[in-house]
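The block underneath contains the structure these notes are about, expressed in structure tokens.
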Amino acid sequence: MGDIRHDWTREEIREIYDRPLLSLVLDAANIHSQEHVFGEVQISSLLSIKTGGCTEDCAYCPQAARYHTGVKVQALMKVDEVVNAAENAKAGGASRFCMGAAWREVRDNSDFDRVIDMVKAVNGIGMEVCCTLGMLTPGQAERLADAGLYAYNHNVDTSEEHYSEIITTRTYDDRLNTLSNVRKAGITVCSGGIIGLGESDDDRIGMLLTLVNLPQHPESVPINVLVPVAGTPLADNSRVPFDELVRMIATARIIMPESAVRLSAGRLELSLSEQAMCFMAGANSIFAGDKLLTTPNPEYNADKDMFRVLGLKPKAAFADGHPKTRLNAIQHEPC
């Protein structure tokens, strides 16, 4: 069984990260098969409920207002439109529905009230509901939890040392504070990062070090590969070699054995055999659907064929229970 630790050192993670690739994948696969149902993959669908016009300067993001990327600003969607999209995603095999809004932070206004209604409505059709809305206060996190939110995505993106090279409009501590607010509200945490931002191996290890040494490991750890977009500062960045993605997935699996490791952005560029290697290395979650917010993703039929060929099966919603239920049980246990 994999050890659950929160006191990892950079040197310990580097020793794992630097292992010969096949040996690393074998170690990760063994831990994965002990901690999870091997071949079971959690399928998420991601919808941009409010697109473009963000005031942040994230160097990778086509939705930042200051970059000229061709992304058209779209107002917050209506609740019935979101529910229709969620029902279609569920019919396509997704058990989790993620709603993303291009906001720097959540504001206590009618738009947030509408998001609360979306969370309640999608929760009502039996899907795990996830949101990624930017920074949250403790009170906002509580409102989302009370509405039935299952998970909140807020990536740390990269190492603390490299962060200011990618984003200057918020700090690394801002990211961590939101994760803390989410955790205290009893919502599961989805937090990972992006490789291909011009970072070093040490930055990648630093990002994993941040995540693994949180008081509780994120329940979901997305490993994204940069999809360069014309008009952003990182438009000319080189594609990340496939073996480096596998190395990140396997290392994450070994040091965070109970977490779901999500094969996220950049999957469209991977062949079937390359994706199979990622699943062997410990990935057990994907985004399905032809778009991730504003970037392309493999089509539904392609994923359906992949599941058939590789013998994968979708993970059911709420297989691990609802976080609010677990939190209440813990709080009411006798001392």
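The values are calculated or read from the model by the stated rules, or taken from the named source; none is laboratory data. Because the structure is a prediction, the values reported are computed rather than measured. Cβ sites come from the backbone with ideal geometry, for glycine too, and all protein chains shown count toward neighbours. Quick note on the areas: whole protein, heavy atoms, side chains included, nothing else; ligands and nucleic acids left out. Shrake-Rupley method; radii C 1.70, N 1.55, O 1.52, S 1.80 Å.
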Between Lys304 and Ala235, what length comes free when the chain is fully extended (0.36 nm per residue of separation minus the Cα-Cα distance, one decimal in nm)? 21.7 nm
In percent, what relative contact order does the chain have, based on Cα pairs under 8 Å that are 6 or more apart in sequence? 25
Karplus ³J(HN,Hα) for region 102-110 (6.51 cos²θ - 1.76 cosθ + 1.60, θ = phi - 60°; Hz, whole; x = Gly/Pro) runs 7, 10, 6, 7, 7, 10, 7, 9, 5
Restricting to DSSP loop positions (anything but H, G, I, E, B) with no more than 15 other Cβ atoms inside 10 Å of their own Cβ, which GluC sites (Glu not before Pro) remain in region 159-225? Glu165
Please name whichever of Ala75, Phe38, Cys54 sits farthest to the positive end of the charge dipole of region 1-119, dipole taken about the Cα centre and charges placed at Cβ: Lys and Arg +1, Asp and Glu -1. Ala75
Report the net charge of residues surrounding Gly139, where surrounding means a beta-carbon distance below 14 angstrom and charges are Lys +1, Arg +1, Asp -1, Glu -1. -2
Once amide H atoms are built 1.01 Å from N in the peptide plane, which residues 5 or more positions from Met135, or in another chain, come under 5 Å H to H? Glu105, Val106
Find the accessible area per residue for the chain; the probe is 1.4 Å, ligands and nucleic acids are left out, and the unit is Å². 43
Could you check the simple spin-label distance between Thr55 and Thr171, using points 7 Å along Cα→Cβ, in nm with one decimal? 1.8
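What's the extension gain from Glu81 to Ser23 if we count 0.36 nm per residue and subtract their Cα-Cα distance? Don't skip to the end; give the middle numbers.
Numbers: separation 58, 0.36 × 58 = 20.88 nm, distance 4.71 nm.
Length difference between fully extended and current span is 16.2 nm.
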What list of ³J(HN,Hα) couplings, whole Hz, do you get for region 255-269 from phi and the Karplus terms 6.51, -1.76, 1.60, once you set θ to phi - 60° and write x for glycine and proline? 8, 10, x, 8, 6, 7, 9, 9, 7, 10, 4, x, 5, 4, 7
Quote the accessible area belonging to Asp80 in square angstrom, nearest 10, computed with a 1.4 Å probe and with ligands, DNA and RNA left uncounted. 110
Just to be sure I follow the rule: in the chain, considering lysines 8 or more places apart or on different chains, how many pairs have Cα atoms under 18 Å apart? 16
Kindly provide the chymotrypsin sites (Phe, Trp or Tyr not before Pro) of region 9-99 that DSSP labels as loop, not H, G, I, E or B, and whose Cβ sees at most 16 other Cβ atoms within 10 Å. Phe38
Given [x] 61, 51, 35; [y] 61, 45, 41; [z] 54, 53, 41 as possible values of Cα extents along the principal axes in Å, the one from the coordinates is [z]
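Which order do Met127, Met135 take by accessible area at a 1.4 Å probe, largest first?
Met135, Met127
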Quote the accessible area belonging to Thr188 in square angstrom, nearest 10, computed with a 1.4 Å probe and with ligands, DNA and RNA left uncounted. 10
Taking amide hydrogens as modeled 1.01 Å from N in the peptide plane, which residues meet the under 5 Å criterion relative to Thr169, leaving out close sequence neighbours? Asp57
Is there a quick way to get the dipole size of the chain? I mean about its Cα centre, with the Cβ of Lys and Arg at +1 and of Asp and Glu at -1; what is the value in debye to the nearest 20? 920
Under 14 Å from the Cβ of Asp201, count the other residues' Cβ atoms, weight Lys and Arg +1, Asp and Glu -1, and hand me the total. -4
In Hz, Karplus ³J(HN,Hα) per residue of region 280-286 (6.51, -1.76, 1.60; θ = phi - 60°; x = Gly, Pro): 4, 7, x, 5, 9, 7, 9
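Rounded to the nearest percent, how much of the accessible area of the chain (1.4 Å probe, protein heavy atoms only) is carbon and sulfur?
About 51 percent, which is the carbon plus sulfur part of the accessible surface.
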Interchain or sequence-distant (5+) residues whose placed amide H lies within less than 5 Å of the amide H of Val41 are Lys313, Lys315
